[in-house]
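> Attaching a single structure in structure tokens format; questions to follow.
The values are calculated or read from the model by the stated rules, or taken from the named source; none is laboratory data. Fair warning: this is a prediction, and the values are worked out from it, not measured in the lab. Here the Cβ is made from the backbone with ideal geometry for all residues, glycine too, and neighbour counts use every protein chain on show.
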Amino acid sequence: MATGQTFDIVVVGAGPAGLAAAIEAAKRGARTLVVDENNKPGGQLFKQIHKFFGSHEHRAGVRGYDIGRQLLDEAAKCGVEVWLDAVVHGLFNQRLAVLREGRQVTVEAGRIILATGASENAVAFPGSTLPGVMGAGAIQTMINVHRVLPGNRFVMLGSGNVGLIVCYQLMQAGAEVLAVVEAMPSIGGYGVHAAKIRRAGVPILVGTTISRVVGQGKVESVVLATLGPDGKIDPQSERTLAADTVGLAVGLTPLTELAWMAGCEFFFSPKLGGHLPLHDDNMLTSLPYLYVAGDITGVEEASTAMEEGRLAGIAAAESLGLLAAAAAAADKAAVRQRIDVLRSGPFGEGRRLAKAEILQQQALRSRQGGQSWKA
Amino acid sequence: MSNKAEVIVIGGGVIGTSVAYYAAKAGKRVVLLDRGDIAAGTSGACDGFIIMQSKNPGPHLDLAMQSAALYRTLAAELDYDIEYMPCGGMIVAESEKQAQLLQGLIAKQKQAGLQVELLPIAQARQSEPLLAADLWGAAYCANDAQVNPIRLAQGFAQAARRLGAQIRPGVEVQALLEENGRVCGVKTGQGELRADYVVNATGVWAPTLLSPFGIELPIKPRRGQILVTEPLPPMLNHVLLCACYLIAKYHPEELDPTDRQHRLGVGLAVEQTAHGSLLIGSTREFAGFDRKTTLAGIEAVAQHARRILPALAKVNIIRTFAGLRPHTPDGLPILGPVEGLPGLIMAAGHEGDGIALAPITGQKVAEYLK
């Protein structure tokens, strides 16, 4: 085992949250390392060829991969060290065990920020293990990063933003999308994304699901069915589409293994994707050295992830004594204000309430003398 | 809840659920309480060895052999797939010295009626080809087997429930109730519950309930760290231990404190579960109630596994966990009534033998509940 290096702050995950956290921490003088298991940094940003929304400060109109490039440039300028092809396989208090390019090393950290993101959910139906059934995120990686079209005729299950955006990108890549299938009675994602694929002639079938996928060794057809009021499939309604690939866009789950291993307190939030580390408004968990940011704290979107990263980076630097309390308070207030904007409006409301519930829980457990919350 | 039962069992691990099952089968009105859930403690953080040849001849081996006999029909009796596999077991000897230690134990085991053979490595590799060629050999016993401990506890609990037992997870017992020198029930976070007998099957946590009565149970938590691999095609034919396990267990004075593997009490224990993952253990350390894994512990277990089974070098580890084994000074569990405290029955302190001894423990303890 190689002897450990020491950093003020180690960030796990080089996606939007992790890079933003590292930049803010390094700007304030923290010796900062970002570790990512992939061989390219940027997380999901480099798959995102669409333009972002929101305000100017949230880089509205800029495409995801350009935001990724900007973050990487900025991180390099601030002196952030980035290790790629490096898997953090264990947290042992403030020591991280890392498999870096296949070799075991350890790193000692003053503060650790987990920005590990989320993983795609799967769903089971007859035929769901046939080759040709895959996650929507996997499709997006194949077409936008590797430039490979994994099929020709697609059915997408799930009408959230991921399902809608990936359908549009599939059409841009030259594929045919036969239908978007949505079990709920209404479309899950933004109207602007849904409108784009409707204008291109793709039906979005609400109240409908995939009843089974049929094929010899690969997907050859997809059987759809309408859901009755009891939530069960109406067998009379079955019809078959001649698709060769099925995308699953049925939500994401926070990637929390390292937080479980560290032993911090958790909270269950169905709205935000499941079990997630309880944290306060500085993104601090119940362990005094462990911060979280981005989808690990509840599945939202990249702009919020970056802001949470900034908050965690500033707060972690502050806790190391790298900036005065007044300066930190002003910096954090500005970030929190921008986060509130991102969580406003009809689509942000649910997330805002779910996040508020986490802070309430944290405050409650803190008062009851939970593990080690700072006063 | 009804506040009177005949038997209260505290602890929902393999021991507590077994006691609940056999007591319910004997016609008792049983309530089982656990502050967490079924198999949420030690029984959910261990391997599934039912190994005979690691037991000392005498009461230890006798109980284990009776338990092994119960296991053969247990899945059918419980009507539950406990993933019981009568695969036989091997204890690997790295050196001539270890082989001699095994030889001494085997001679006594044969007298007690357990058939164990010592095989030179060439012969051992005929039935377990992944063993390293430069080992000395292995002791083989056809009576060794494995089971899934979580499914075992679930199987006992569900069968007990069908026999009328109440299984109540999420109820923490705070204290034993005593009246006229007799234990007559428990105080829980949800009120008091009375019974003719209270069974303490709380493993490493068992001493806490007795210390208010001035009784210090000699049970100490001993941590075992285990690695889990990705699911693999069938590659092991037996459950495998190594002689270091027996040395750590029975002859700790033989251990070299300057050697990390010895200091952490690492002895190999490998099994392949029904769905294909290998469970690779284990350390044996006194670390209080800390259930976390350590980097040193994981590395020592992995290195030792590679020494015995070199093919594992390329296998991916997907998870690690640690459990607390209830250690007693003489290596034997504490079973039966407690002197000076009638109404209380002990069923704890099995250390690494809890799985092997679970059925017989339940059956024997149920006999005390007259």
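> Just to confirm my filter: which strands (runs of 3 or more DSSP E) fall fully inside the stretch A:13-100 and include at least 2 residues that are away from chain B (no Cβ under 14 Å), at pLDDT 85 or above and crowded, with 24+ Cβ neighbours inside 10 Å?
Here the list reads A:32-35.
> Right, here's the next one. Could you go through the stretch A:231-244 and let me know if any residue there is over 19 Å from the mean Cα position of the chain (by Cα), modelled with pLDDT under 95 and part of a strand (DSSP E or B).
Within the stretch A:231-244, one or more residues are over 19 Å from the mean Cα position of the chain (by Cα), modelled with pLDDT under 95 and part of a strand (DSSP E or B).
> Still on this structure, I have one more. For the stretch B:71-128, give me every one of the helices (runs of 4 or more DSSP H) that falls completely inside it and has 3 or more residues that are in contact (Cβ under 8 Å) with a residue 12 or more places away in the chain and closer than 18 Å to B:Leu246 by Cβ.
B:96-111
> Also: If B:Leu279 satisfies every condition in (1) away from chain A (no Cβ under 14 Å); (2) farther than 25 Å from B:Gly104 by Cβ; (3) in contact with a helix residue (DSSP H, G or I) (Cβ under 7 Å, 6 or more places away or on another chain); (4) in a strand (DSSP E or B) but one, which is the exception?
Condition (3) is where B:Leu279 drops out.
> While we're here: Please verify whether A:Ala118 is aliphatic (A, V, I, L, M), surrounded by 15 or more Cβ atoms within 10 Å (Cβ to Cβ), touching a Ser or Thr at 6+ places or on another chain (Cβ under 7 Å) and within 14 Å of another protein chain (Cβ to nearest Cβ), treating the condition exactly as stated.
On the way: aliphatic (A, V, I, L, M): yes; surrounded by 15 or more Cβ atoms within 10 Å (Cβ to Cβ): yes; touching a Ser or Thr at 6+ places or on another chain (Cβ under 7 Å): yes; within 14 Å of another protein chain (Cβ to nearest Cβ): no.
Spelling it out, it is not the case that A:Ala118 is aliphatic (A, V, I, L, M), surrounded by 15 or more Cβ atoms within 10 Å (Cβ to Cβ), touching a Ser or Thr at 6+ places or on another chain (Cβ under 7 Å) and within 14 Å of another protein chain (Cβ to nearest Cβ).
> For the stretch B:332-350, enumerate the residues that are farther than 16 Å from B:Ala23 by Cβ and surrounded by fewer than 22 Cβ atoms within 10 Å (Cβ to Cβ).
Within the stretch B:332-350, B:Leu332, B:Ile334, B:Val338, B:Glu339, B:Gly340, B:Leu341, B:Pro342 meet the criteria.
> Restricting the search to the stretch A:268-298, which residues are under 19 Å from A:Ser119 (Cβ atoms) and surrounded by fewer than 22 Cβ atoms within 10 Å (Cβ to Cβ)?
Let us first name the residues in the stretch A:268-298 that are under 19 Å from A:Ser119 (Cβ atoms), namely A:268-277, A:292-298.
Those that are under 19 Å from A:Ser119 (Cβ atoms) and surrounded by fewer than 22 Cβ atoms within 10 Å (Cβ to Cβ): A:Phe268, A:Ser269, A:Pro270, A:Lys271, A:Gly274, A:His275.
> Another question about this same structure. Quick test of your reading of the structure: A:Met1 fulfils all but one of (1) within 14 Å of chain B (Cβ to nearest Cβ); (2) within 25 Å of A:Glu318 (Cβ to Cβ); (3) at pLDDT below 85. Name the failing condition by number.
Unmet condition: (2).
> Kindly list, by first and then second residue, each pair from a residue in the stretch B:300-324 that is more than 30 Å from B:Val204 (Cα to Cα) to a residue that is among the hydroxyl-bearing types (Ser, Thr, Tyr), limited to pairs with Cβ atoms under 9 Å and residues at least 6 apart or on different chains.
Sorted first by the residue in the stretch B:300-324, then by its partner, the pairs are B:Leu312/B:Thr229; B:Val315/B:Thr229; B:Asn316/B:Thr229.
> Residues being in contact (Cβ under 8 Å) with a residue 24 or more places away in the chain and surrounded by 14 or more Cβ atoms within 10 Å (Cβ to Cβ): count how many of those fall in the stretch A:204-236.
17
> Where in the stretch B:286-370 are there strands (runs of 3 or more DSSP E), lying wholly inside it, with at least 3 residues that are in contact with a helix residue (DSSP H, G or I) (Cβ under 7 Å, 6 or more places away or on another chain), modelled with pLDDT of 95 or more and of a type in the set (A, V, I, L, M, F, W, C)? Give the steps one after another, and end with the answer.
On the way: elements: B:317-327, B:334-337, B:344-348.
Fully inside the stretch B:286-370 and qualifying: B:344-348.
> Let me ask something additional. Look through the stretch B:291-307, keep the residues that are under 23 Å from the mean Cα position of the chain (by Cα) and more than 18 Å from B:Thr258 (Cβ to Cβ), and return whichever of them is farthest from the other protein chains (Cβ to nearest Cβ).
This residue is B:Ala305.
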